[in-house]
């Protein structure tokens, strides 16, 4: 009996960890996008940048932008699952 309770508790903790990991994955892309925006808007001078004056984005903002693009896959999976869920039609029966 105690073995079953321990296994059930471990399964519950694993489920919570997976749920937390999903939320953390969804938080990465917007966080990096915000950091890219702050780096672009907030930087009045570029110390170690060899970028041309025609490029308005600095090195750190470019890095954050690329990181947000690399972490966008959980959002794409979420939108894909929602669109598949919305496209499924509910069969209605006539009569009731």
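The values are calculated or read from the model by the stated rules, or taken from the named source; none is laboratory data. The model shown is predicted, which means the values in this text are computed figures rather than measured ones. Methodologically, a virtual Cβ is constructed for each residue, glycine included, from the backbone with ideal geometry; neighbour enumeration extends over all protein chains shown.
Under 9 Å between Cβ atoms, at least 6 apart or on separate chains: pull out the pairs that start in segment 32-51 with a residue that is outside any loop (DSSP other than H, G, I, E, B) and end on any residue that is at pLDDT 60 or above and surrounded by fewer than 12 Cβ atoms within 10 Å (Cβ to Cβ).
Partner pairs satisfying both residue conditions: 32/70; 40/56.
Can you tell me which residue within segment 64-76, out of those that are in contact with a helix residue (DSSP H, G or I) (Cβ under 9 Å, 6 or more places away or on another chain) and over 12 Å from residue 33 (Cβ atoms), is surrounded by the fewest Cβ atoms within 10 Å (Cβ to Cβ)?
73
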